[in-house]
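Report on the structure given below.
The values are calculated or read from the model by the stated rules, or taken from the named source; none is laboratory data. Computed from a predicted structure; not experimentally measured. Here the Cβ is made from the backbone with ideal geometry for all residues, glycine too, and neighbour counts use every protein chain on show. SASA here: full protein model, heavy atoms, side chains in, ligands and nucleic acids out. Shrake-Rupley method; radii C 1.70, N 1.55, O 1.52, S 1.80 Å.
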Amino acid sequence: MTSPKPRDAAIIGMACIFPGAPDLETYWRNLVGGVDAISPVPESRWDPVFYDPESKAADRFYANRGGFVDEFATFDSLGFGIMPVAAHGAEPDQLIALEVSARALADAGYRDREFARERTGVVLGRGNYIGAGMTRLEQHVRTAQQLVEALRTLVPGLSEDQLASVKTEFQSRLGNYGPDTAIGLVPNLTASRVANRLDLQGPAYTVDAACASALVAFDQAVRDLRDGASDMMLAGAVHLSHDVAFWSVFCQLGALSRSQQIRPFDKNADGLLIGEGIGVCVLKRYEDAVKDGDRIYAVIRGTGVASDGRESSLMQPRVEGQLLALERAWDRVGDDRSTIGLIEAHGTGTPVGDTAELQTLARFFGPPNGKLGGLGSVKSMIGHAMPAAGAAGLIKAALAVYHGVQP
């Protein structure tokens with residue numbers, strides 16, 4: 001490999017929470033140790049009544065295993081100047097994104113060290129899925145009224161005062177909802193909250209590109225640095241949605257593994273398992289990171305983005321689209337493709353997706369010949385973290401480069 005170019009993006013700080021890993025150090029230990037972080041769904045996420053492998057109903061699921069971060073999703077609201085009542089009603093990913101972003105900045109050495117805040121931005125990937133906070137809001141506003149209307153029809157003898165009491169009791173069990181909690185329920189303010197609390201005055205926005213959200217966020221951050229629009233960027237993604245509606249979608253699509261195992265690139269793979277988590281990296285231009293004496297985990301030499309164009313189905317990946325993204329990324333790298341040492345793939349464990357990805361890699365890097373390094377997918381350990389999947393994979397690859405170890 002040739003040396004990094006001055007305006008390549010250096011990763012100088014990282015932080016994450018993924019299944020089985022409350023922090024970056026544990027995540028690396030789990031990767032090296034081959035830990036399986038998949039577990040049954042905690043009852044706090046959804047009621048076991050929804051699990052029925054024999055049913056095809058929209059509100060019954062044939063799988064009940066995935067990757068979860070429940071015990072690690074803690075947040076010191078007062079430490080960030082947020083009132084506890086506001087934090088309690090907020091969408092969890094807003095708060096956890098703030099927590100992990102602060103950790104990433106500290107890992108980069110900038111917890112107390114001065115830096116150009118007006119030239120530091122944040123780009124986070126987040127899916128537009130319903131989360132815990134929006135679910136409570138839906139129940140406060142719509143479900144409570146639907147409950148009253150159903151009782152009015154089924155039990156006509158109830159007075160209006162009694163119906164109002166039922167509604168009030170139902171809403172009280174959901175927790176507080178009002179002006180102080182409403183701002184925490186706007187999903188696309190995730191990056192804005194990070195910029196607000198960490199006093200970052202560069203660009204701050206949230207992107208949704210489905211399972212590519214994290215990598216699109218990194219692409220945007222790298223472009224900002226290369227173009228000189230910013231001097232430091234926080235980039236990553238968050239996914240904390242295990243809502244029952246989310247599970248229903250993937251069961252109806254038949255995308256979940258019926259064997260309840262996620263096996264990327266395995267001949268017995270029969271689908272994915274849903275994971276979650278968050279990963280954030282701090283990026284600087286390589287020349288600036290060297291000049292400032294920053295620790296460098298790895299360098300992002302090139303990024304590429306492409307869509308598949310027209311195909312028979314949105315669920316049918318197209319090799320030509322994947323090749324186009326690789327070619328666009330490699331154009332900036334310029335090295336011999338045979339020098340690649342590790343490919344951290346998407347690898348969802350779905351036969352159609354894995355087959356297309358292997359065909360793409362064979363066409364781009366050539367058929368297996370013993371020269372290519374490792375091929376893997378961290379989804380085998382934590383499940384498919386959806387918008388945050390790319391962050392999990394990139395952090396894994398950066399740690400492998402930093403430690404000089406093939407996980």
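Table for the structure above
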| quantity | calculated |
| --- | --- |
| Principal axis dimensions, largest first and in whole angstrom, of the stretch 152-266 by Cα | 70, 46, 18 |
| Surface share of carbon and sulfur [accessible, 1.4 angstrom probe, percent] for the chain | 53 percent |
| Nearest-0.05 FRET efficiency for Val249 and Glu311, computed from C-beta distance (R0 25 Å) | 0.80 |
| Per residue solvent-accessible surface (Å²) - the chain, probe of 1.4 Å | 46 Å² |
| Distant alpha-carbon pairs in the stretch 25-69 (separation over 13 angstrom), percent | 62 percent |
| Exposure rank, largest accessible area first [Thr135, Thr2; 1.4 Å] | Thr2, Thr135 |
| Debye equation applied to the C-alpha atoms of the stretch 305-348, log10 I(q)/I(0) at 0.15, 0.23, 0.27 Å⁻¹ | -0.48, -0.92, -1.07 |
| Residue-by-residue Karplus 3J(HN,Hα) for the stretch 280-297, coefficients 6.51, -1.76, 1.60, Hz, glycine and proline x | 9, 10, 9, 10, 9, 4, 4, 4, 6, 4, 5, 4, 8, x, 6, 5, 10, 6 |
| For the stretch 27-126, alpha-carbon Rg over 2.2 N^0.38 Å | 1.48 |
| Cα-derived Rg over Rh, computed across the stretch 139-189 with Rh taken as Kirkwood radius | 1.11 |
| Centre separation in Å (Cα based) which lies between the stretch 35-83 and the stretch 99-173 | 16 Å |
| Helix-only CD estimate at 222 nm, as mean residue ellipticity for the chain, using -39500 (n - 2.57) per DSSP H run (n ≥ 4) | -11500 deg cm²/dmol |
| Max mean-square fluctuation residue, GNM over the chain, Cα-Cα springs under 10 Å, options Phe365, Phe72, Phe61 | Phe365 |
| List Trp28, Trp247, ordered by accessible area with a 1.4 Å probe, largest first | Trp28, Trp247 |
| Accessible-area ranking of Lys267, Lys5, largest first, probe 1.4 Å | Lys267, Lys5 |
| The stretch 222-232 - phi-based ³J(HN,Hα) in whole Hz, Karplus 6.51/-1.76/1.60, Gly and Pro as x | 4, 5, 4, 5, 5, 7, x, 6, 9, 9, 8 |
| More than 28 angstrom apart: percent of Cα pairs within the chain | 50 percent |
| Antiparallel DSSP beta bridges within the chain, percent to nearest 5 | 55 percent |
| Count, lysine Cα pairs under 25 Å in the chain, 8 or more residues apart or across chains | 10 |
